[in-house]
1. Can you give the charge dipole size of the chain about its Cα centre, rounded to the nearest 20 debye, using +1 on the beta carbon of Lys and Arg and -1 on the beta carbon of Asp and Glu?
2. What are the principal axis extents of the Cα atoms in segment 41-89, in Å, biggest first?
3. Any idea what the relative contact order of the chain is, in percent, if you count C-alpha pairs under 8 Å spaced at least 6 apart?
4. Calculate, in whole percent, how much of the Cα-Cα pair population of segment 82-121 lies beyond 17 Å.
5. Starting from the Cα-Cα distance between LYS20 and ALA101, subtract it from 0.36 nm times their residue separation and give me the gain in nm to one decimal.
6. Which of the peptides 58-69, 104-115 is most tightly packed, and how do the rest follow, judged by the mean count of other Cβ atoms within 10 Å per residue?
7. For segment 11-74, what's the relative contact order in percent, using C-alpha pairs closer than 8 Å and at least 6 residues apart?
8. In whole angstrom, how far apart do the alpha carbon centroids of segment 45-79 and segment 81-106 sit?
Amino acid sequence: MADDGDAECSFGERIRELRKEAEMTQREVAAKLEIDFTYLSKLENDRGETPGEKTVRRIAELFDADPEELLALAGKLPDGLRERAQKDVRFARFLRRLPDADDAALKQIYKRLKIDEPPAK
C-alpha cells in the first residue's frame with residue numbers, strides 16, 4: 001500500500017492528539033463543540049459511529065486542523081461525490097477502480113490534480 005497520505009493513526013487517535021496539543025480537557029472540547037463529553041470520549045477511543053461531516057469540520061476548526069485530513073480519517077466523503085457518480089457513469093467507474101490502482105498511478109493522478117502531500121506532523 002502507498003505510504004503517501006496513508007493514515008498514521010485513527011480518527012479518534014488524531015482528535016485526542018489535537019486535544020492534548022491544545023492542552024484542553026475532554027469537557028472543555030465537548031463544551032465548545034456543544035456535544036456530550038462522553039461522546040467525545042467514545043470518539044477518541046474509536047467506539048461507535050464517527051460524527052457527521054459538520055461535526056468533523058467543527059472539530060477541525062476548533063483545533064485549526066486540516067478538515068480534509070479529519071474527514072478522510074473519519075471515512076467521510078463529500079456529498080457531491082455520490083451525486084456526480086450517479087449522473088456520470090464514467091466517473092463512477094473511475095471511483096470503483098481507484099482502490100486497485102497502484103502507487104505510481106495514484107501519484108500521477110495526484111500530480112495531475114495538483115494534490116500536495118499533507119504536511120509532516
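1. Details: 24 positive and 28 negative charges, 132 e Å.
Using Cβ point charges on Lys, Arg, Asp and Glu, the chain gives about 640 debye.
2. Sorted largest first, the three principal extents are 40, 24, 14 Å.
3. Working: 74 pairs, mean separation 29.7, N = 121.
Relative contact order here is 25 percent.
4. On the way: 371 of 780 pairs.
Here the long-distance tail beyond 17 Å is 48 percent of all Cα pairs in segment 82-121.
5. 25.5 nm
6. On the way: 58-69: 16.0, 104-115: 11.2.
Ranked by mean Cβ neighbours within 10 Å, highest first: 58-69, 104-115.
7. Values: 55 pairs, mean separation 22.4, N = 64.
The normalised contact order for segment 11-74 reaches 35 percent.
8. If you average the Cα positions of each part, the centres end up 22 Å apart.
None of the figures in this text is laboratory data; all of them are computed from the coordinates on show. Keep in mind it's a predicted model, so treat the numbers as computed, not measured. Note that each Cβ is placed from the backbone with ideal geometry, even for glycine, and that neighbours are counted across all protein chains shown.
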